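Here's the structure, in structure tokens; my notes come after.
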Amino acid sequence: MLKLKKIKKTAPEDSAVGDAVSNNPQGIDAKGNALQRIGGIALLTILIPVLVGFAYLILVREPILQAQQIERVSESFALQKATDIHRLFTRLKDRMQSAALSPLALSAIASKSDDDIALVEKAMLDYFPEVVSLRIIPIGDMGTADFSEGNQGLRNHIEVDLVRRSSEGEETQPEAYKFEDQWLTSMAARVTHPRIDDRWAVIIITLDNKQIAKQLKQLGGASGRVALEQRYTTPGGKDRLDVIAFSGNGTVSPNTMYKDVPGTPWRISFSPSDEMLAALTINPVPLYTVLALLVFAAFVCLSVVLILFPKKLSGEINRVISAADQKTPLTLSIPELVSIAKQLRRATLRALRQTSSSYSDIPVPLVETIDEHPPQLTNPMFQSKSLFDEEVLDLDLAETEVVAPRPAQKSRGFPEHIFRAYDIRGDAQTELTDELVAKIAQAIGSIAGEMGEQALIVGCDGRTSSPRIKSTLVRALMESGRDVVDIGLVPTPLLYYATRHLKYRSGVMITGSHNPADYNGLKIVLNQQTIAAGGIEEIRERVATGEFTTGNGRMIREDIVPAYMEEVLHDIAIAVPLKIVIDAGNGATSELAPRLFEELGCEVERLYCTIDGRFPGHPPDTSNEDNLADLVKKVLEVEADFGVAFDGDGDRLAVVTSSGKIVRSDVLLMLYAQDVVSRNPGADVVFDVKCSRHLSKLITAHGGRPVLWKTGHAFMKEKMKETGALLGGEFSGHMFFGERWFGFDDGMYAAGRLAEILSTHGESLDESIAKFPETINTPEIIIPVADDYKFELVKKIINNADFTSGKVNTMDGIRVDFSNGWGLVRASNTGPALTARFEADTQENLEIIQDEFRAQIALIDPKIDLKF
């Protein structure tokens with residue numbers, strides 16, 4: 001073993017070796033901590049934008065959003081109540097005009113007899129239960145009301161002024177005033193005798209403002225204070241506001257919103273309550289929490305860097321120093337240290353070479369001089385790798401647990417055809433089994449839950465199978481986690497109404513509609529929309545795969561009938577009592593419809609008005625004119641003004657005139673369109689492809705816009721919502737009123753609107769429809785075709801038939817319009833059949849059109865029994 005012998009003299013302290021290997025070389029010190037300064041700068045670079053961003057969110061953006069949200073909600077409440085008050089007085093004015101034009105009122109106006117007028121005033125009060133007084137003031141020969149002998153029983157100068165201005169032909173607005181410490185509101189209108197030019201009168205009614213407060217009260221005190229304010233100018237010329245009615249609690253503040261009530265000197269003010277402001281206030285705690293977490297995370301990250309990096313750096317430096325006098329490879333994790341390691345090794349080796357002569361007796365091998373530019377880039381000693389290359393991190397970015405979809409459960413062979421275009425319908429015993437109904441209910445409940453609809457309203461018709469299906473449905477809905485609101489045995493329109501009136505927006509109606517007694521089905525509303533083909537298909541797929549949610553729902557019961565009755569009675573005004581025959585067909589309207597029309601002031605003759613799910617009177621399909629024979633006979637027998645028949649669930653109607661003539665639904669829709677469009681010029685009217693082309697011409701002639709669309713109540717409601725239409729109708733008898741009503745199909749409400757039109761216009765139904773163009777037309781013709789073949793057959797007809805002489809429309813089946821008429825063939829959405837209808841200006845042309853359809857269809861399938 002070789003030994004080194006050190007010379008006795010000591011190397012100078014400033015020698016290269018001493019400087020290189022000393023642990024504490026003189027003249028070297030640390031001033032400040034660059035790493036901490038860099039870390040502080042990095043921390044500030046991160047925190048300042050974060051703090052500025054959160055300051056903007058907390059101090060600027062969130063208060064603006066909060067103020068906008070409060071303003072939007074308050075403005076919505078104010079607008080809603082302003083609209084309600086406007087509707088209240090508009091309807092009241094219409095009812096005044098209608099009542100004043102009744103034969104009894106006109107005879108009194110014509111006679112100008114005080115006794116006659118007093119009797120009429122008393123009689124008219126029965127039709128205005130909400131008013132405290134009603135006066136009819138005859139207008140004198142000079143064209144103004146005569147007050148020479150006093151105020152004619154009027155309360156004060158305000159009512160006198162209203163009558164005077166109305167008598168002079170001025171359009172007056174309702175006015176509120178305080179009388180004997182009670183706020184009252186009066187409104188007046190001038191009435192002219194239609195046949196006697198010099199017989200005029202002014203009718204003035206007065207309401208207790210408590211009636212107005214009831215309209216405001218519907219808002220609910222917890223939301224805020226809603227007030228009706230009247231603006232006027234004092235004799236001194238100052239503007240003044242009086243609160244003439246109010247409801248709820250709240251303080252006038254910058255959050256108070258105002259909306260004018262059209263046609264009045266009033267405005268609505270809405271002041272949100274403290275509870276509502278608290279509910280709308282954006283909670284800053286989540287933002288503060290996120291900010292604190294970000295600041296904390298930044299400090300933690302910086303601390304980790306300040307702790308770990310010096311340790312790592314110290315370890316790397318020690319490795320560099322240890323390998324300084326060796327030629328072994330050195331691999332570093334901090335690339336910036338590579339150049340230092342190179343220089344240190346060069347200096348160390350140079351120092352060793354220079355001092356080798358200081359040792360004696362030992363032949364020290366000469367160390368090779370390191371070239372100033374050696375090819376060390378390829379030398380393993382100077383290879384570097386990144387600080388984070390020492391450990392490869394295999395990160396699983398999908399940290400959230402992925403739940404595999406439930407394996408699809410095979411269908412147990414449920415009948416596919418029961419899932420129709422806009423409802424579910426089939427044989428109650430053999431197809432709508434408890435097992436299948438439960439799966440359908442679970443599918444509906446699951447879809448509703450995903451839409452955020454926690455509760456579903458459930459109603460049923462009077463079929464013998466409805467209780468069983470309802471029981472199964474309710475239980476399965478609750479098992480899917482949904483709450484159930486049971487409204488009992490009701491017509492389908494009451495389920496639709498319940499989704500508008502109650503706080504629950506979705507529901508299921510158990511009904512077979514117009515189908516025979518052994519059928520039943522489900523009509524489904526989600527978020528106030530009757531679902532159509534896409535929604536039904538989604539339910540079918542859920543049933544097939546078994547992808548259901550689970551939970552524990554609860555059930556409550558609601559009686560929706562009183563609210564529905566009150567809504568209809570408040571909306572419809574029948575000026576002259578009519579005699580009506582109601583044929584409920586033993587369906588769901590059997591008890592409600594007669595009650596409703598008796599409350600409207602009509603004399604009602606009942607026909608099959610006992611609920612019986614077997615339909616012993618006649619089948620519940622009102623579109624089949626054979627089922628209206630008993631109604632025609634009864635109308636003629638009792639000499640009624642008209643007769644009306646409802647289908648099994650009350651969403652359709654059929655009408656018979658006093659002469660026994662059946663009014664087809666497109667003609668009935670002409671009467672409705674004439675009435676609605678006359679008040680709403682430019683309004684859209686939607687009707688289906690089975691309707692007469694004269695309907696389109698009539699709508700256009702009255703200033704409306706005709707919209708032709710697919711057959712089906714769900715399709716019609718979708719189109720009405722899309723276009724904002726005020727009226728819609730189908731040839732099958734579904735009528736949809738968007739004006740004054742909610743846009744859903746309701747046979748009872750439609751019958752009420754018919755009674756209102758007839759009583760107001762003073763014409764019989766026969767006289768009204770006689771004004772419409774006469775055509776030769778067929779009822780709806782049913783052509784039996786298998787369910788799994790009907791759509792394919794219609795598609796073949798569309799693709800292969802040649803109707804070059806007419807204009808072809810394939811929106812729903814194939815409708816061909818010729819110069820002298822039209823024909824239609826389409827697949828039924830509700831049964832295994834095609835439906836057809838034809839119309840022409842003469843019988844000869846009708847037969848020509850039918851012959852052309854027969855010839856074209858025979859080329860495609862000659863075996864079809866066309867029934868025409």
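Just a few scattered comments:
- Comparing Cα centroids, the range 68-97 and the range 522-584 end up 26 angstrom apart.
- Prolate/oblate/rounded call for the range 149-197, Cα gyration tensor, a/c under 1.5 rounded: prolate
- The range 755-868, dipole about Cα centre (Lys/Arg Cβ +1, Asp/Glu Cβ -1), debye to the nearest 20: 540 debye
- Prolate/oblate/rounded label for the range 582-670 (Cα gyration tensor, a/c 1.5): rounded
- Dipole of the chain, positive direction: furthest Cα of 804, 531, 191, with charges on the beta-carbon: 531
- Using alpha-carbon coordinates, inclination of helix 34-56 to the longest axis of the chain, degrees: 10 degrees
- Matching label, Cα Rg over 2.2 N^0.38 Å computed from the structure shown, candidates [x] 1.03; [y] 1.51; [z] 1.78: [y]
- Computed from the C-beta positions of residue 529 and residue 430, the FRET efficiency with R₀ = 35 Å rounds to 0.70.
- Antiparallel bridges, percent of DSSP beta bridges restricted to the chain (to nearest 5): 75 percent
- Accessible surface area normalised per residue over the range 723-868 is 40 Å², counting heavy atoms of protein chains with a 1.4 Å rolling probe.
- Paramagnetic label reach from residue 503 (point 7 Å along Cα→Cβ; backbone nitrogen cut-off under 15 Å): within the range 555-569, residues 556-558.
- On the basis of the beta-carbon distance and an R0 of 35 Å, residue 217 and residue 538 show a calculated FRET efficiency of 0.30.
- In plain terms, the chain from residue 633 to residue 288 could stretch by 116.4 nm, reckoned as 0.36 nm per residue minus the Cα-Cα distance.
- Residues in the range 494-513 reached by a label modelled at residue 454 [backbone nitrogen below 19 Å; 7 Å Cα→Cβ]: 499-508
- Helical content alone sets the calculated 222 nm signal of the chain at -13000 deg cm²/dmol, taking -39,500 (n - 2.57) per DSSP H segment of four or more residues and averaging over every residue.
- Net charge dipole size for the range 705-792 [Lys, Arg +1 and Asp, Glu -1 on Cβ; Debye, nearest 20]: 360 debye
- Per residue, the range 630-711 exposes 32 Å² of solvent-accessible protein surface, assessed with a 1.4 angstrom probe and all protein chains in place.
- Each Cα pair under 8 Å and six or more residues apart adds its sequence gap; the mean of these over the residue count of the chain is a relative contact order of 7 percent.
- Cβ charges +1 (Lys, Arg) and -1 (Asp, Glu), total dipole of the chain, debye: 4440 debye
- Computed from backbone phi, the HN-Hα couplings of the range 572-580 come to 9, 10, 9, 5, 10, x, 10, 9, 10 Hz, rounded to whole numbers (Karplus: 6.51 cos²θ - 1.76 cosθ + 1.60, θ = phi - 60°; Gly and Pro given as x).
- Across all Cα atoms of the range 408-509, the radius of gyration (one decimal) and Dmax (whole number) stand at 13.4, 40 Å.
- Residue among 288, 619, 580 farthest towards the positive dipole end of the chain, charges placed on Cβ: 288
- Selection from 47, 60, 304, by position along the positive dipole direction of the chain (Cβ): 304
- Compared with the direct C-alpha span, the chain from residue 231 to residue 83 gains 51.5 nm at full extension, assuming 0.36 nm per residue.
- Under the Karplus curve 6.51 cos²θ - 1.76 cosθ + 1.60, θ = phi - 60°, whole-Hz ³J(HN,Hα) for the range 722-727, x wherever Gly or Pro sits: 5, 8, x, 4, 9, 7
- A DSSP coil position with no more than 13 other Cβ atoms inside 10 Å describes the following GluC sites (Glu not before Pro) in the range 570-655: 639.
- When a 1.4 Å probe is rolled over the protein heavy atoms, the share of accessible surface on the chain that falls to carbon and sulfur comes to 54 percent.
- The slack between residue 705 and residue 791, meaning 0.36 nm per residue of separation minus the straight C-alpha distance, is 27.9 nm.
- Calculated FRET efficiency for the pair residue 567/residue 471, C-beta based, R₀ 45 Å, to 0.05: 0.90
- Within the range 736-802, the GluC sites (Glu not before Pro) that combine a DSSP coil assignment with at most 10 other C-beta atoms in a 10 angstrom radius are 774.
- Residues 181, 434, 274, ordered by accessible area of protein heavy atoms at a 1.4 angstrom probe radius and largest first, appear as 181, 274, 434.
The values are calculated or read from the model by the stated rules, or taken from the named source; none is laboratory data. Everything numeric in this text was worked out from a predicted model, so none of it was measured. Using ideal geometry, Cβ is built from the backbone for each residue, glycine included, and neighbour counts are taken over all protein chains shown. Note: areas computed on protein heavy atoms with side chains; ligands, DNA, RNA excluded. Shrake-Rupley method; radii C 1.70, N 1.55, O 1.52, S 1.80 Å.
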